[in-house]
Amino acid sequence: MVHSGFNTKRWVEIALINFCVVALAGVTMRYKINFALPIVDQKYLMHGHSNFAFTGWVAVALMILMVRYLIRNNVETSYKKYNRILIAEVIASYAMFVSFIIQGYAFWSITFSTITILISYFFIFFYWRDLNKAADGGFSREWLKTALVLWSLSSLGAFMLAYLMAKHIMIQDLYFASVYFFMHFQYNGWFLFACFGIFFSYMHRLGLYRIAFLSRRLFIVMAITVVPTYFLSILWLRLPLTLHWIADISGILQLLVLVYFFKILSVIQKNETIKFNWSTRWLWRFASIAFVLKIILQMLSTIPYLSHFAFGFRPVVIGYLHLSFVGIISLFILGYINEFIHRFRGNVSGVGAIIFVSGFVVQEVILMLQGLEAMNVEPIKSANIILFYCAILMAGGLIWITSGIIRTQEHEELKSVH
């Protein structure tokens, strides 16, 4: 796992430590909701938590796995530049995180947020060039290239948001439209496309070549719908009727995603030669369930009443975002990390994973039940304290996983193989 100066395992450890920081920030926010903690500004911490989750955890983790894709495809390049990019990304992310906690959206936090975006441009530029040298296994190169394009596109929302904050322009519609633009092209664009690219490359490497056809079909549907489905996020604005129709059709068209997704799962399950580590199977099953739920919820948001319900109530919004961020992206990354860590006589702790996923599942149920209070459903009186305990479970599970991987030692006889 050390190749030309790039130590995959060491970088994975750093990414997981960053994920633990995200989780501990979540615990702190849930603590403050239930108990007094005057030293912490909840809004500032929330901004730091969410922004660091994007740049310090997922972006870093996906960049690491994408560099590993180049290594596995024997791409000849200087991998030291990726070390420098990742070092800069981690430093800027922590500086941004601290700045948000101290001052919220202000000069330094906006400055470091901008720096993380500029760093991403460097990665996109160099990675695109190196990606052209890779053999296209499992139609993965197109997935990864599209992920890079959507990553750069998402930054327009971040720049608009930073501009509104810096100029103190308090137009709520512009603010939320910018936020949802950034999140949509991160969650449904850069994150998802990168994960699918990495996944299909791995399937190809395991010898499942016939899955490339389904990969291409799935890619076409997702590529066609990724831009217009943004409008599903802003249906509460007074959009032209044409955009409403485009959003609705795209939301319904995404049901084709499920058709191809289930076909892909069926092909994998029927192939007896592919043996995943049991922790990976467990994590990826939950990630698959979360992905299916996300597509269904997106489709249901084409119904006006449900769209208002989905975007008008904070617990539902948080639940949906966590469904994508934790349920799909993070569980997939943890499962994929497990697939190459266990080959080095280590693994993602099954106990840690169970604790983490249990906290996540209960959290999602409670958040959705909180949202149902808007429909006159009897409120859960102890919801906030339960969510606090869920946050503790998730953080505890992550720390367990991370500490186990850090303790895993590389073995010299395996370094040259993987």
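The values are calculated or read from the model by the stated rules, or taken from the named source; none is laboratory data. Everything numeric in this text was worked out from a predicted model, so none of it was measured. In this analysis, Cβ positions are derived from the backbone assuming ideal geometry, glycine residues included, and neighbour counts consider all displayed protein chains.
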Index of the failed condition, Asp136 passing every other in (1) acidic (Asp, Glu); (2) within 28 Å of Thr225 (Cβ to Cβ); (3) touching a residue at least 24 places away in the same chain (Cβ under 8 Å)
(3)
With (1) surrounded by fewer than 20 Cβ atoms within 10 Å (Cβ to Cβ); (2) free of Cβ contacts under 8 Å to residues at least 60 places away in the same chain; (3) touching a Phe, Trp or Tyr at 6+ places or on another chain (Cβ under 9 Å) as the list, and Ile71 as the residue in question, which single condition is left unmet?
(2)
Give all pairs with beta carbons closer than 6 Å in which a residue from segment 268-289 that is acidic (Asp, Glu) meets a residue that is modelled with pLDDT of 85 or more; count only pairs at least 6 apart in sequence or on separate chains.
none
If you go through Tyr187, Tyr121, Tyr105, Tyr175, the only one that is assigned to a helix (DSSP H, G or I), touching a residue at least 12 places away in the same chain (Cβ under 8 Å) and over 21 Å from Ala61 (Cα atoms) is Tyr175
Can you name the number of the only condition in (1) under 16 Å from Lys294 (Cβ atoms); (2) not assigned by TED's automatic domain parsing to the domain that holds Thr229 that Tyr260 fails?
(2)
Checked Ala88, Ala61, Ala53 against criteria (more than 18 Å from the chain's Cα centre (by Cα), of a type in the set (Gly, Ala, Ser) and not in a loop (DSSP other than H, G, I, E, B)); the one match is Ala88
Could you go through segment 3-13 and let me know if any residue there is acidic (Asp, Glu) and either over 30 Å from Arg205 (Cα atoms) or in a helix (DSSP H, G or I) (or both).
yes
Working carefully through the options Ser279, Ser250, find the one that is of a type in the set (Ser, Thr, Tyr) and within 20 Å of Arg217 (Cα to Cα).
Ser250
By residue number, the members of segment 136-180 that are surrounded by 21 or more Cβ atoms within 10 Å (Cβ to Cβ) and of a type in the set (A, V, I, L, M, F, W, C) are Phe139, Trp143, Leu144, Ala147, Leu148, Leu150, Trp151, Ala158, Leu161
From the list Ser93, Ser78, which residue is modelled with pLDDT under 95 and out of contact with any strand residue (DSSP E or B) (no Cβ under 8 Å at 6 or more places or on another chain)?
Ser78
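Here's a check for you: in segment 190-236, which residue that is assigned to a helix (DSSP H, G or I), among the small types (Gly, Ala, Ser) and surrounded by fewer than 21 Cβ atoms within 10 Å (Cβ to Cβ) is modelled with the lowest pLDDT?
Ala212
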Quick check on Phe291: is it over 30 Å from Leu243 (Cβ atoms), within 17 Å of the chain's Cα centre (by Cα), modelled with pLDDT of 90 or more and of a type in the set (Phe, Trp, Tyr)?
no
